[in-house]
1. Sum up the charges of everything whose Cβ sits under 11 Å from the Cβ of G127, counting Lys and Arg as +1 and Asp and Glu as -1, but leave G127 out.
2. At 7 Å along the Cα-to-beta-carbon direction for both N177 and F87, put a label point, then send me their distance in nm to one decimal.
3. Sorted by average packing, counted as other Cβ atoms within 10 angstrom per residue and highest first, what order do 116-127, 47-58, 156-167 take?
4. Placing unit charges on C-beta atoms (Lys and Arg positive, Asp and Glu negative, everything else neutral), compute the dipole magnitude of the chain about its Cα centre in debye, rounded to 20.
5. With everything on Cα atoms, drop me the angle between helix 55-65 and the longest principal axis of the chain, reported from 0 to 90° to the nearest 10.
6. How far, in degrees from 0 to 90, does helix 19-38 lean away from the longest principal axis of the Cα atoms of the chain, to the nearest 10?
7. Rounded to the nearest 500, what is the 222 nm mean residue ellipticity of the chain from helices alone, with -39500 (n - 2.57) per DSSP H run of 4+ residues and division by all residues?
8. Quick one: 3J(HN,Hα) in Hz for segment 115-120, Karplus 6.51/-1.76/1.60 with θ = phi - 60°, rounded, Gly and Pro as x.
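Just so you know, all these numbers are worked out from the coordinates, no wet-lab data involved. Since this is a predicted model, take the numbers as computed values, not measurements. All Cβ positions, even for glycine, are placed from backbone atoms using ideal geometry, and neighbour counts span all protein chains on display.
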Amino acid sequence: MDSIKDAQKDMRTAYFDGFPGVLASGLVWLTSGFMALMVSPKAGMLGLVLGGMLIFPLSVLLCKLFGCSGQHDKANPLAPLAFENTFWMLLSIPIAIVVFFYMEIWFYPAMLLIIAGRYLTFNTLYGTRLYYLLAGLFVLSAWLLVQFKAPVYAGGLLGGAVEIGFALLMYLRLKNNHS
């Protein structure tokens, strides 16, 4: 690849601008929120942590359904950043788990902040500033949940709603750009 723009184009092409990943993540967050509401906060926490392991495979499946490969070029110089930010996220999740056992209602806000940090790097991966907005919405959501002492399940539902709404916005934007 000759430039960062080429590398970003490869990522956008392979992963449909990341839209399938945001959608898959939103579905996991919503499922987790409903588990926290219907079963228990601990079930919701486990649902998000364990369900999070399904996000990438589900996003690749969705990529293929939308006609994308779900695999970037092996020579893409941005590939290490994708791996590094995933590894950073995985190292951060135990912090949110510990927070859960200290104060259950802070688990989802902690996870929202962790994922917001991950989304900040997506601007570089995809060359799409829209990810700054998603990161900002996650930070705002975390703050609102803490500020209003929202019930535990609200964090999962809010995180899911934000991502699914954002995925819809991304899809409409992509559809308009390809028309």
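1. +1
2. Placing both labels 7 Å beyond Cα along the Cβ direction yields 2.9 nm.
3. 156-167, 116-127, 47-58
4. It comes to approximately 220 debye.
5. Computed tilt is about 40 degrees.
6. Tilt of helix 19-38: around 10 degrees.
7. The per-residue figure over the chain is -27000 deg cm²/dmol.
8. So the J values, rounded to whole Hz, are 6, 4, x, 5, 5, 4.
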